[in-house]
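A short write-up of the structure that comes next.
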Amino acid sequence: MDWLKKITSERTGDFYYTGKHSSGLTVTVYPKEKNNSTYAIFGTKYGSIDNCFKTAQESEPHRVPAGIAHYLEHKMFESEDGDAFERFAKTGASANAYTSFDMTCYLFSCTENVYESLKILLDFVQSPYFTEQTVQKEQGIIGQEIKMYDDDPQWRVLFNLLDALYQKHPVRTDIAGTVETIAKITPDLLYQCYHTFYNLNNMVLCIAGNVQPDRVAEMCDEMLKPAQPVQIDRIFEQEPDHIVKARVEQKLSVAVPLFELGFKEKVSSKRPSVKEIAETEILLEAISSNASPLFRRLLDAGLINEASFGNEYFEGPGYASVIFSGESKDPEQVAQEIKREIENVRKNGFDRRIFECAKKAVYGRNIASLNHVGSIANSLVSLAFSGRELFQYIDAVAQTDLNSVMARLENQLHSEFSSLSVIFPNQ
């Protein structure tokens, strides 16, 4: 297991092992021997935004229907001999999968039979099986899923916002695609996307919990099928800096209006560093956490409720936005208060006590997450695909100062690049 190198955090004392297997797969093992459970993720750097791409050997790009990454995720659990869920049921593991904007992940959690479950995971993700009949059958199933999301207020408030912020980037398109786009998906297209993006050199295996690195390495030697290195060029149209529209609304079955206020950012070909991510997380904590002056004012005025109000730094390949969200009887007033607070901070800065509290809160959350194997594995996969490292991020949070957070604000949260999405009650 010489190819697995130990990475240790001097700050926390935690450690994990990571390296590139001879097959091309990046493998990360985070042992937590005192845990009863284990969580494993086998992911590929392939998400809903990857609808136009080519490999280094190809001269012309492929353009595929929206929703194909999600469709492929659904189909991967099937085989000629049955379904992967049935196999996991025999080992007692709980299995699942998800497709996001920039990755697709297959996972299981268990308290026993770890290596038997790992064998199933490595087997079925490397064994695609598509036929005309099964692909056509899935179109009806996913079509119903799409229609359900069309009626989901939380889903619609987000995608209405993305549609208002982004003009060309495919992040504005529903992860599952549309009924029209999935009707164009064929077995040949699925195989084409599979063989491009499910190359082990484009994938990561992360396991956290009661697991032994040498046993994982042995399982990789047994199960992984070597792959030739692949260079995938993901092609996106140039996204303008300005937004599409400043406001969008829809009526659905909700008791109280839902809102999302997004601030679009200019992006480069390089994603934000761990330092920049840390600065943004602390900035948002200081501006709008439940310990912030803004939160207290909004709560006292009856404009928000404590349970729903929050924020997120929403970023990926070619896109980045800060999003504030929640329920409110007056979303427009909440948006104005948030913008007013941002401009006040931009002009006058933070009280040092507020900054220090925010920094400690972000640091504490990240340290606490190291106690949860699911959080660890999901973070390791996401960080691997974005070119970041877990302990370096924690160090960046600890080392961030007030001046660097204020400097980060210069590039974020500008009102002229903001949009408000609201879902109002039907009546």
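The values are calculated or read from the model by the stated rules, or taken from the named source; none is laboratory data. No experiment lies behind these values; they were computed from the predicted model shown. No Cβ is skipped: glycine too gets one built from the backbone with ideal geometry, and neighbour counts run over all protein chains shown. Only protein heavy atoms, including side chains, enter the accessible area calculation; ligands, DNA and RNA are left aside. Shrake-Rupley method; radii C 1.70, N 1.55, O 1.52, S 1.80 Å.
Tell me the relative contact order for segment 257-414 as a rounded percent, counting alpha carbon contacts under 8 Å between residues six or more apart.
Details: 192 pairs, mean separation 56.8, N = 158.
The value is 36 percent.
What separates the Cα centres of segment 1-20 and segment 126-182 is a distance of 38 Å. Remark: spin-label model distance residue 242-residue 343 equals 2.0 nm, labels positioned 7 Å along the Cα→Cβ axis. Shown here for segment 241-317: GluC sites (Glu not before Pro) in loop regions (DSSP other than H, G, I, E, B) with at most 14 other Cβ atoms within 10 Å, namely 306. With Cα atoms defining each centre, segment 372-427 and segment 52-108 are spaced 26 Å apart in the structure.
Estimated from the Cβ-Cβ distance and a Förster radius of 60 angstrom, the FRET efficiency linking residue 22 and residue 136 is about 0.95.
Taking every protein chain into account, the 1.4 Å probe leaves residue 94 with about 70 Å² of accessible area, to the nearest ten.
Would you kindly state how much longer the chain becomes between residue 415 and residue 167 on full extension, computed as 0.36 nm times their sequence separation minus their alpha carbon distance, in nm to one decimal?
Numbers: separation 248, 0.36 × 248 = 89.28 nm, distance 1.76 nm.
Gain in length upon complete extension: 87.5 nm.
Model label sites at residue 2 and residue 256, defined 7 Å from Cα along the beta-carbon direction, differ in position by 6.1 nm. Solvent-accessible surface of the chain, averaged per residue with a 1.4 angstrom probe and all protein chains in place: 46 square angstrom. The angle between the Cα long axis of helix 132-150 and the longest principal axis of the Cα atoms of the chain comes to about 20 degrees, rounded to the nearest 10. Per residue of the chain, the DSSP helices (runs of n ≥ 4 H) give a summed -39500 (n - 2.57) that works out to -12500 deg cm²/dmol at 222 nm.
On a straight-distance basis, which aspartates and glutamates could pair with residue 45 in a cross-link, Cα separation under 17 angstrom, same-chain partners fewer than 8 positions away excluded? Residue 45 reaches 73, 102, 233, 315, 389. Which of the lysines could be linked to residue 266 by a straight reach, that is with a Cα gap under 17 Å, when you skip same-chain ones fewer than 8 residues away? Candidates past the 8-residue exclusion: 168, 245. So if we plug the beta-carbon distance of residue 401 and residue 56 into 1/(1 + (r/R0)^6) with R0 = 35 Å, what FRET efficiency do we get, rounded to 0.05? Calculated value: 0.25. Here is the tail figure for segment 245-423: Cα pairs spaced more than 20 Å apart come to 56 percent of all pairs. Length gained on full extension, residue 235 to residue 180, computed as 0.36 nm times the residue gap minus the Cα-Cα distance: 17.6 nm.
Residues within the reach of a label modelled at residue 90 (point 7 angstrom out along Cα to beta-carbon, backbone nitrogen below 11 Å), restricted to segment 109-131, are 120. Take the Cβ atoms of residue 222 and residue 300, set R0 to 41 Å, and the FRET efficiency comes out at 0.10. Note the listed values [x] 1.09; [y] 0.97; [z] 1.01, then indicate which one is Rg/Rh (Cα atoms, Kirkwood Rh) calculated from this particular structure. The value matching this structure is [y]. In whole percent, what relative contact order does the chain give with Cα contacts below 8 Å and a gap of six or more residues? Relative contact order for the chain comes out at 22 percent. Counting protein heavy atoms only, segment 245-423 has 47 percent of its accessible area on carbon and sulfur, 1.4 angstrom probe. Straight Cα distances below 30 angstrom link residue 34 to the lysines 5, 6, 20, 90, 119, 359, 360, with same-chain residues fewer than 8 positions distant left out.
Evaluated on segment 3-232, the Kirkwood hydrodynamic radius is 19.0 Å, with distances taken between all distinct Cα atoms.
Please compute the length gained on full extension between residue 188 and residue 312, using 0.36 nm multiplied by the number of residues separating them and subtracting their Cα-Cα distance. Kindly include the intermediate steps, with their values, before the conclusion.
Details: separation 124, 0.36 × 124 = 44.64 nm, distance 3.76 nm.
Separation in residues times 0.36 nm, less the Cα-Cα distance, equals 40.9 nm.
The long axis of helix 153-165 is offset from the longest Cα principal axis of the chain by roughly 80 degrees.
An oblate overall shape is assigned to segment 202-265, the ratio a/c of its alpha-carbon gyration tensor axes (a ≥ b ≥ c) being 1.5 or greater and a/b not exceeding b/c.
Residues of segment 194-214 with an amide N closer than 20 Å to a point placed 7 Å from the Cα of residue 115 along the Cα-to-Cβ direction: 205-214. What whole number of Å gives the distance from the Cα centroid of segment 212-227 to the Cα centroid of segment 310-343? Computed from Cα coordinates, the inter-centre distance equals 44 Å.
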